[in-house]
Every structure is written in structure tokens, then in C-alpha cells.
Amino acid sequence: GIQVEQSPPDLILQEGANSTLRCNFSDSVNNLQWFHQNPWGQLINLFYIPSGTKQNGRLSATTVATERYSLLYISSSQTTDSGVYFCAVEGETSGSRLTFGEGTQLTVNP
Amino acid sequence: NAGVTQTPKFQVLKTGQSMTLQCAQDMNHEYMSWYRQDPGMGLRLIHYSVGAGITDQGEVPNGYNVSRSTTEDFPLRLLSAAPSQTSVYFCASSYSPWRPQHFGDGTRLSIL
């Protein structure tokens with residue numbers, strides 16, 4: 001099946017700093033989504049982005065499907081951005097199945 | 001709007017017991033899925049459904065059964081619980097796999 005690798009596994013920032021999270025995938029995809037899991041365990045969909053660039057406030061995401069990677073940008077980070085960020089993909093041959101990466105654990109200190 | 005509702009939130013079982021984790025959504029979503037999340041890992045797909053009456057296996061289906069008799073409900077059954085099934089279970093729904101997924105708050109399951 002399709003492989004998903006996220007980097008870095010852990011990231012510690014001071015409030016106000018910017019960061020870039022990366023998601024590499026091993027095959028062509030129909031679907032790519034970014035999620036945030038907050039410290040209470042809730043999973044929130046951030047972006048549906050199989051290609052191109054999207055922005056939502058301080059967060060933006062870019063997927064370069066031909067090169068098989070996606071980037072999540074967080075600008076002016078806040079303590080509430082802390083948590084785990086997951087990338088999930090549906091490969092072209094995956095048949096409606098989403099495969100998650102292992103996530104990036106982000107800690108934003110005040 | 002309730003969104004995706006999972007019950008119970010916590011459960012402790014003994015090895016060999018059976019139970020059903022409930023998942024209900026009120027958004028008229030066709031696609032529903034179950035994941036398990038183990039410490040330090042991403043989510044792994046157990047089973048999914050593309051509509052009422054249709055289910056299929058995900059990455060880790062062994063030890064779990066599902067059914068989808070209505071659009072709203074997608075229960076997950078553990079027939080004979082094993083300690084390896086200790087995990088946090090998430091249910092998700094969406095209009096299709098390639099639309100944003102909406103997750104429930106999870107069920108924390110411990111099997112002794």
C-alpha cells in the first residue's frame with residue numbers, strides 16, 4: 001500500500017515563530033488531507049488539498065502532487081497550535097481508504 | 001448540530017468479552033469509517049462503508065466486525081476482546097472519501 005512519511009516527528013517553537021511541516025507519499029494520490037489533533041485528542045480537519053495551495057488564516061498548505069509531497073505552513077504560532085498534525089492520503093489504487101502518517105508533534109511555548 | 005457522536009467515551013473490558021462501539025452522524029454522510037490510534041502512532045483504518053448496506057475492510061480488520069443498516073449509524077463490534085485491542089477508537093464521516101473527514105471524539109478502550 002501507499003506509504004506516508006511526515007517530518008519532523010517533533011517540533012518545539014516559541015510563540016510567534018513560523019514552521020513548516022512536511023508530508024511525503026509514495027504513490028499518486030486522489031486525496032490528501034491535513035488534520036490537527038489537539039491535546040484533548042480531538043481531530044479537526046484543516047485542509048483537503050490533493051493539489052495546489054490553500055490558506056486559512058495563519059495556516060496554509062501546498063501539495064505538489066507530481067513530486068509526491070505536501071507542506072503545511074504555520075505562521076505566527078500560538079500556544080493553541082500545539083498538538084499533533086497528521087497528513088492522510090488516499091492513493092489512486094487505494095480504493096476509498098485513507099492512510100495516515102505518524103504525525104508531527106508540535107509544542108508551542110509561551 | 002451533533003456531528004459525529006461516539007459512545008461510550010471510556011470502556012474497560014476483560015479478555016474474551018464482547019462489546020459494540022456506537023457511532024452516529026446527523027449530516028447525511030454516505031462515507032463512514034473506523035480507525036484505531038495507538039500511542040505515538042497515526043490512525044489505522046479498521047473498516048469503512050461507502051453507504052448503507054456496503055462495508056469493506058481497511059488496514060487492520062481482524063477481530064472487528066461492522067454493519068451499516070442505516071446511513072446514520074456505523075457500529076463497530078469486538079467479538080472476543082484481546083489486550084492487543086486496547087486503543088483509542090475514532091469514527092469519521094464525510095460525503096465521500098475525498099471530502100473533508102469529520103471525526104468523533106473517540107472511545108478509549110482498555111482490555112485487561
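Quick notes
- Single residue of A:21, A:72, A:98 found to be surrounded by 15 or more Cβ atoms within 10 Å (Cβ to Cβ) and modelled with pLDDT under 95: A:98
- Residue count, segment A:10-57 (criterion: of a type in the set (D, E, K, R) and outside any strand (DSSP E or B)): 2
- Condition met for residue B:81 (more than 14 Å from chain A (Cβ to nearest Cβ), of a type in the set (Gly, Ala, Ser), out of contact with any His (no Cβ under 6 Å at 6 or more places or on another chain) and surrounded by 17 or more Cβ atoms within 10 Å (Cβ to Cβ)): yes
- Looking across segment B:55-108, just one residue is in contact with a helix residue (DSSP H, G or I) (Cβ under 7 Å, 6 or more places away or on another chain) and assigned to a strand (DSSP E or B), and that is B:78.
- Pairs with Cβ under 8 Å, 6+ apart, first in segment B:1-23 and closer than 30 Å to residue B:95 by Cα, second basic (Lys, Arg) and assigned to a strand (DSSP E or B): B:9/B:108; B:10/B:108; B:11/B:108; B:19/B:77; B:20/B:77; B:21/B:77
The rows are residues; the columns are (1) over 24 Å from residue B:99 (Cα atoms); (2) more than 10 Å from chain B (Cβ to nearest Cβ); (3) without any contact (Cβ under 8 Å) to a residue 12 or more places away in the chain; (4) in contact with a Cys (Cβ under 8 Å, 6 or more places away or on another chain).
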| residue | (1), (2), (3), (4) |
| --- | --- |
| A:3 | no, yes, no, no |
| A:12 | yes, yes, no, no |
| A:16 | yes, yes, no, no |
| A:26 | no, yes, no, no |
| A:32 | no, no, no, yes |
| A:36 | no, yes, no, no |
| A:45 | no, no, no, no |
| A:53 | no, yes, yes, no |
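- Hey, residue B:105 closer than 21 Å to residue B:12 by Cα, among the acidic types (Asp, Glu) and within 9 Å of another protein chain (Cβ to nearest Cβ) or not: yes
- All positions within segment A:55-96 that are among the acidic types (Asp, Glu) and facing another protein chain (nearest Cβ under 9 Å): A:90
- Count of residues meeting criterion [surrounded by 21 or more Cβ atoms within 10 Å (Cβ to Cβ) and at the interface with another protein chain (Cβ under 10 Å from one of its Cβ atoms)] in segment B:32-46: 5
The values are calculated or read from the model by the stated rules, or taken from the named source; none is laboratory data. These numbers were taken from a predicted model, which means no experiment stands behind them. Every residue, glycine as well, gets a Cβ built from its backbone with ideal geometry; the counts of neighbours run over all protein chains shown.
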